[in-house]
Every structure is written in C-alpha cells, then in structure tokens.
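Just below is one structure, and these are the notes that go with it.
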Amino acid sequence: MGTAARTIVGRDTERRRLDELVGRARNGEGGVLVLRGEAGIGKSVLLDHVRGAARGMRVVEASGAEFETEFPFAGLHQLCAPLLSDVDLPEPLRTALDAAFGLAEGTPEIFRVGMAALELLTSAADAHPLLCLVDDAHWLDDASLRVLTFLARRVAAEPVVMVLAARHGLDDLPGVELTGLTDDDAHRLLADTRTTLDQAVRDRVLAEAGGNPLALLELPGAGGFAMPATSSVASRVERSFSDRLAGLPPDVRLLLTVASADPTGDPGLLWAAAELLGVKAYAGAHAEASGLVVLGPGVRFCHPLARSAVYRAAAVDDRHAVHAALAGVTDPVRDQDRRAWHRAMAGSGPDEDVAAELDRSAARALARGGVAAAAAFHERAAALSRDQDRRVERTLAAAHAHLDAGAPDEAARLLTTVASDDDATVARVELMRGRIAFVRHRDGDGPAFMLSAARRLAATDPRRSRDCYLDAVEMALVVGRASGVMDMVVEAARSAPAVPGPPDLLDALVRLAAEGHRAASRPVREAVAASPLWTERPALAGMLAVELWDVGTHGVITDWVLARARETGSPLMLRLGLGMAAASAVHVGDFSAATSAIAEEEAVADAIGVAPLGYPRLHLAAMRGRAAEARTMIGTFTAEAAASGTGQTIANAHWAAAVLANGLADYPAALTAAREATRHGDLFVTAIALPELVEAAARSGDHETAEAALTSLTERTEGSGTPWALGVGAYARALVTGDEADHRAALDHLEATSLAPYLARAHLLYGEWLRRQGRRRDARTRLRAARERLSDIGMTAFADRATAELRAAGEDVRGRTTGDTDDLTAQETHIARLVAGGATSKEVAGRLFISPRTVDAHLRNIFRKLGITSRRQLRELPTLR
C-alpha cells in the first residue's frame, strides 16, 4: 500500500486516464484500469495519485501478499470488510459472503460470491461514488482474483472505479503497461533524491536502473548500482533493501523478520511474537528509522520488495523461530489455517501432527472454494509426512486440487514424485495423468492412461476397472474417431472384466461399435434410461439420447441437470445444463429460448472466467441460416477445434456448414461439408449429419453417395424407432426413391413431435418434389406451409429457399420480413424476454450475474433498437412471446 503522497515524475498519460475514471464515477459511471509493470516501476505511486484525486469519494483498499496466496478470499475480505457493516445485504448474498470469509458454514461458489460483492459495492456507491484500489494483485489468492475480475467486468454502469496494480496477469481487463521513465524524467527523479553523486556513478545508476523509479531512488544510497548487469532490476532493488539491514542490531532485524513473515499486518501479533522471542522494546523505533517499515495501526513495509528482502536475508534458524512464535500467538480457533501454516514453516523435519493440521486446513479451504489453497496445504503436508503411504495420499490430494484449480502442469509435476508398487495407487496416478492429458488436449493420451488404469484394476477391482474403461470411451468421444483413438478404446474395452448383473452401458457401447445400431439401440436406450447414468455422466447420457433420436429423454436429462445445478450452485453443471437446453431448443425450433440459454451460459462462463460453450451457438447460427454471421462463426469454431484437436468439435463445425449450405441451396458445398461431418462416424454428430449428406448428394446428382448415406441413416433411425428418427428417415428416403408415400410418412411421423424445424423441412422437400412433378397447385400448398413455418422459427436460409420455390411454382411472393428483435445481441434478447415475461431488473440481474443498473442500461439500448419506450410495449412484441 502507498504511504504519504509522493511527487510523480512523468506518467502524464496514465494520470489523465485515472483522472478520467474518477470524473466518470462522479457522473454515475464506472470503469476499471489495471496498472501493469515490473516491481518498482511506479504502480503504487499512481495508486497514491488516484487516491488523492478521489476527494469526496469513498475509498476501499486491498493488497496482495506473497505469503497469503494460499488463503481463499483473503484479498476480497480486505476490500469488502469496511463496507459490511454499512450495507444491509439480502440474506442469500450475506450468507455467500459469510461463507467465503469463513464466518459461516457453506461452500461458496465464485459467481454467487461475485454477485454478493457486486451488490455490496454498488449499494455502498449509492451514497458516494466508490474507489476500489488493489495493489500487488498478482499476489492475490486465486478466489479473490476471480471475484475481482467478475466485478471489474460489471461496474461500467455503476459509480464504482476499480484500479488494480499488478506485475503481470489480468490481461483481459483494460490496462496500461508501465515502462521505464524517459531519460529526461529519470534525470529529474534522480536529481530529486538530493544524493550527491559524481558523474560516473550517476551514469552507472541511470544505466543500471533502466528508468525504474524505485531503482533510481534506492540504488544510489545502497551502492546497488554496482551489481552485475545480468541481475534484474527487482533483484538489485531488493539487494539495496537488504543492505539497509546490515548495520541494524540483531533485535531490530529479528523484529523486521517477524513483520515480514506475518502478512496480516496485525501489530498485536507482531508484538506478541516479538515478546516470545525476547525482542527488546527499542527495536520498534530502530526498525522505523531504517525506512523499511511503518509500525502504525497496521504494519506496512515501504515496498513489497522490502518485505521479501527482509525475509530472505534472515537466517534459517531465525525464520523457523519467527514462524514458531507467530504460531504460538495466532488464535487457534479464529485463525486455524494461518496457525497451521506458521507451524509448518517453523521446522524443516517431518511432523505428523503438523501435517494432520494442514490436512484439516485443506479441508476447510475446499469447503470455502479455495481449491488452490487446498493444493498448497496438501503439498506442504506431504512434505512433512513421516509415513510413506500418507505422503503418497497427500501428494495425490495436492495434485488433484491443482488440477481442479486449473493448474495441470503443477499436478503433473507432483505426480512425478509418487513412487509406489501398489496397483491401486499406480492406477490412481494413471487416472490423474489421463485427466491432465485430456485437459491439455493431447489426442489419445487421456484415453490411453485411462485404459492403462483399467487394465491394472481388472483383477482387484473389476467395477472400478469398468468405470475406467467407460472414462476412456467418454474421453474418446470428444477426441473423435479421426485419430483412431475411439477404435483403440472400444477394442480394449472388449476385454473389460465381467461383473455380476445385467449388461451395462459399457457392454452396450462395445456392442454398438461392433454390431451397429439395429443390434445395440435397445441396450443403449435401457442404459440411458437408468437414472444413475444421469447423475454420474450427464453429458454422455445427453449425447446418447440424441444418438438415439430421443428428444423426450434428452429433455428429461436436461431438466434434471438444470434442476440439480440450480440446487447445488455448481457452475460446471449449470453450464452443461444450459448448453444442453440451448441445443435442444435449437432443434425444436425455439430460437428465443436457445438464445436465452446461450446468454445465460455465457454469463456463467464469464463469471467464473472461462470461455463459453461453442456448440450451442454454432448450432443456432447454422439453423438460423444468416450466411455471413454463420460462416464467420463456423470459421472461428473450426480454427479453435483444430487447435485443440477435438475431432468431434471439428465434426460439429462441418455439420453446421452442411446445414447452412443446404439452406442456401448450395448443394456442392453442403455435400463436401456433410462428407467431412460423417467421415469418421463420430457419435451424436454423424446421426444428425447423415440427413444433410443424403439431401446434398441427391440434389447434386451423386446417387451413389446418397444411397450409401441413406443405408447408414436407415440403420440408425430404424434401430431407434422414435417419431423423430422415423420422420427424418422417411424424408431422406424420399429424396433417394422419389416415392410420395415416403414424403407423407415423414409428415405423419414429424407431426407427432415437437421438432418444428424438421417438420418444416419435410414440407419443403415434399413441396419441391411436387413442383418437379408438375403438380404446381399441390406444391404451392406445401411450400406455403414450409415458408410460413420456417419464417416463424427464424430459419432464414431455408425460408428464402421456400420463397424461391414458391415463385418458381407460379406464386407472387413478397420477400421475407425480419423479426423486430433481429438486431439485438444474445444477452439483449435474453433480457428483453425476461422483462417481457414480467421479471424486474433485480430478478434479471440475479439471473445474469450483473447489477440492476446494468440491466437498465441494456434496456435503454433494447428500447432504442426496437423503437419503443416502455416495458409494456416490450411485452406486446410477438417475437418475445
């Protein structure tokens, strides 16, 4: 944190940007700026500047600490604590924050905590504009950093300004990169130090500092300018701080070491630990006189590098003694985790008692959403373990936590330290290596590790072995068949150990690969219908429901996933459910519902800091048929899929291109894309892509390809037997045989479903066939029905194709008119639908993880685009019903 206000040399552009942010906040608008740069480059000085410019605003501050990165929500608590007593938060939000700060039981979810913090900040800003300053953000704990990123993306419509200083990171937020001062400014700053230097020394200082302001201030007094040029500026400055320690009495150095080892800055802890260590009372005055530390209401070093320098300069025995003293004075009830950490740092040898305490800290961290913290506690506990088995168990727990925290490289590093001859332990290592490989998108590695674990467990734990085989199959489905991984997995799964009871999903999938859909559809359907599959593998269950053309079961699974996600608050499950809901809505023709689910999933993804799901947006773009928009999305999706190596994702992109091209009547392009989509027989995608291949091939005159695709499709649809399957199979057959009975059968089957796009396309294909038979009156009847249905759904390309066919059939048709809401973004459409349905701004805000004021800002844009002025008019729009 900054000390007294300091004169700033240079940085005119950065100060103007900060002043503009403060000015916007005074006018009711917010913003964020990240100040990035190396240690000593002037970030904290700029924080001092904006603090001084914010007169009349309320200021709350937080600072990351090198020794607090293991404590979840520690940084956020610093920022929020001053506001908690002033704002009366609704109970669910207060509970979320209390759980995050360890004040109540519960598992805090990042986006729930984010909403609570947003409500806290915006409510506090109602009285006075709010300035949030965060120094050393690169040292914030992971949970706090994610919540602050969540907040930074949502304060634009609030009188809240956030300024964060970090050496690196936060790259997706607006920021400035601070570089060294210009030569003129560096000379000015060096002159301001009033240090007498001869010209040669001055030139060396300027060269060594490289424009770094702190280096210019520190090096002349410490002789640091003589350090070798190969060391970094930060290390030279840290050395200058270390040099200040050399002449200090031992008691003063020990007191400074206590201050450096305690990240809380609590003077009560400092002096209590100092007393245990026998530090003399005079040490405090000498410590402050050194300029390294201020011992006020909060213990504060002059710079984070000073804290690091003091800690690293201490003798090892002194560090151990300091941590032991801090452990002795830390409250064992209110601050169990810091006490455990100090105990862990107080000695170098194994200590089972301390390791067990760290295990308990890890469990508490996990309960508060601190996965990264749990990893650190488990790893330290492993290092202190006397027993080999416990050390292995704790190492595996640390690796698992690192993987869950999004650090697969750290997890992989820990796994290299695990040495065991126990098959069960080796299998666990291989399972984790498989998951790491899968996260890293290395084709084949993930399933291969799963297969190795499955074989190892076959004799001792056959049920777990079969689960591993099923894990390998599920991973291989995402990798796709192009690499040969799926075939390898299925072949290996044939040797899975048998277990008592009826055939299970693994048996059914192996049979599907070996004998085809006619033989395996029923056992796969029975396995999917078993509710445990939904609870254990909802993504796989949903994928198989589509493979079976069973929209009803897919809907039941989707509803269960969404209900469970909202009940548990799991963002992972919520995103899965929303993605399934969006894809389902696309295929039943409810594009508004699909858009809403996509917008909500994007909000959740943004809240937890990950990329949104791509396939629902891709499916919607393809079916809508807006050529430019769809082609851009397909191109982006294809490039991303190729980079990640997920074959099924690439197949999805080809399917989308085939649907778009068929809608545009560009049958050669559709034929090329559909061939690629079906080439490798990927589960889920091949089923819905084969009808596109039949249509494109038949229209292109490639009858051999059309007949082969129809044979493959017929096996799938007849094996399924659902109305959706039979309807699509019938109109595909009609394209090949030209039999009117097949067209009529398609309509009969699809009329019994909710799948409006497929029914509309059946009308279109029948109408096109009738026109080519010269039955123009009958053709117009079918084509009108097709055009009306396709237009109502919003399938632009297919509706235009129906219009062109109607004109060719002799009917004078006006061009298609677009819906009123076509110009709205996905999020605006979702907000408009929610408001049209009677939701308040506060209710919409809670759904999309934004503030009510941001909802109102979106509504103003919506009203402007739609040419309306009120919520009542919004409710009257037919396109939002």
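The values are calculated or read from the model by the stated rules, or taken from the named source; none is laboratory data. Treat the numbers as computed from the prediction; the structure is a model and nothing was measured. Reconstructed Cβ throughout: ideal geometry from the backbone, glycine too, with neighbour counts over all protein chains shown.
Quick notes on this one:
- When the residues of region 536-563 are filtered to those that are more than 26 Å from LEU713 (Cβ to Cβ) and free of Cβ contacts under 8 Å to residues at least 24 places away in the same chain, the one that is surrounded by the most Cβ atoms within 10 Å (Cβ to Cβ) is LEU562.
- Residue match in region 123-135 (condition: modelled with pLDDT of 90 or more, of a type in the set (Ser, Thr, Tyr) and crowded, with 22+ Cβ neighbours inside 10 Å): no
Residues checked against (1) over 22 Å from GLY614 (Cβ atoms); (2) in contact (Cβ under 8 Å) with a residue 60 or more places away in the chain; (3) crowded, with 24+ Cβ neighbours inside 10 Å; (4) in contact with a helix residue (DSSP H, G or I) (Cβ under 7 Å, 6 or more places away or on another chain):
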position: TRP655; (1), (2), (3), (4): no, no, yes, yes
position: ALA661; (1), (2), (3), (4): no, no, yes, yes
position: ALA665; (1), (2), (3), (4): yes, yes, no, yes
position: ALA669; (1), (2), (3), (4): no, no, no, yes
position: LEU683; (1), (2), (3), (4): no, yes, no, yes
position: THR686; (1), (2), (3), (4): no, no, no, yes
position: LEU693; (1), (2), (3), (4): yes, no, yes, yes
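- Scanning region 324-365 for residues that are of a type in the set (Lys, Arg), out of contact with any Pro (no Cβ under 8 Å at 6 or more places or on another chain) and assigned to a helix (DSSP H, G or I) turns up ARG338, ARG343, ARG360, ARG364.
- Count of region 69-97 residues which are surrounded by fewer than 18 Cβ atoms within 10 Å (Cβ to Cβ) and touching a Pro at 6+ places or on another chain (Cβ under 9 Å): 0
- Of residues in region 249-261 being in contact (Cβ under 8 Å) with a residue 40 or more places away in the chain and of a type outside the set (Lys, Arg), the one surrounded by the fewest Cβ atoms within 10 Å (Cβ to Cβ): ALA261
- Helices (runs of 4 or more DSSP H) lying entirely in region 62-169 (those with 3 or more residues that are charged (D, E, K, R)): 91-100
- Residue check for ALA381: surrounded by 23 or more Cβ atoms within 10 Å (Cβ to Cβ) and either in contact with a Cys (Cβ under 6 Å, 6 or more places away or on another chain) or within 30 Å of PRO571 (Cβ to Cβ) (or both): yes
- Of the residues making up region 342-398, those that are more than 30 Å from ILE608 (Cα to Cα), touching a helix residue (DSSP H, G or I) at 6+ places or on another chain (Cβ under 9 Å) and among the polar types (S, T, N, Q) number 2.
- Residue that is farthest from TYR766 (Cα to Cα), among those in region 722-743 that are of a type outside the set (A, V, I, L, M) and without any contact (Cβ under 8 Å) to a residue 12 or more places away in the chain: THR737
- Residue in region 612-633 that is of a type in the set (S, T, N, Q), in a helix (DSSP H, G or I) and surrounded by fewer than 19 Cβ atoms within 10 Å (Cβ to Cβ) present: yes
- Test: ALA397 is modelled with pLDDT under 90 and either part of a helix (DSSP H, G or I) or surrounded by fewer than 20 Cβ atoms within 10 Å (Cβ to Cβ) (or both): no
- Pairs linking a residue in region 167-189 that is modelled with pLDDT of 90 or more to a residue that is loosely packed, with under 15 Cβ neighbours inside 10 Å and in a helix (DSSP H, G or I), with Cβ atoms under 8 Å and 6 or more positions apart or on different chains, are VAL176/THR13.
- Residues of region 18-63 satisfying the condition of being over 15 Å from VAL176 (Cα atoms), in contact with a strand residue (DSSP E or B) (Cβ under 7 Å, 6 or more places away or on another chain) and not hydrophobic (A, V, I, L, M, F, W, C): ARG24, GLY30, ARG51, ARG58, GLU61, SER63
- With respect to (1) assigned to a helix (DSSP H, G or I); (2) of a type in the set (Gly, Ala, Ser); (3) under 30 Å from ARG772 (Cα atoms), the lone exception for ALA641 is condition (3).
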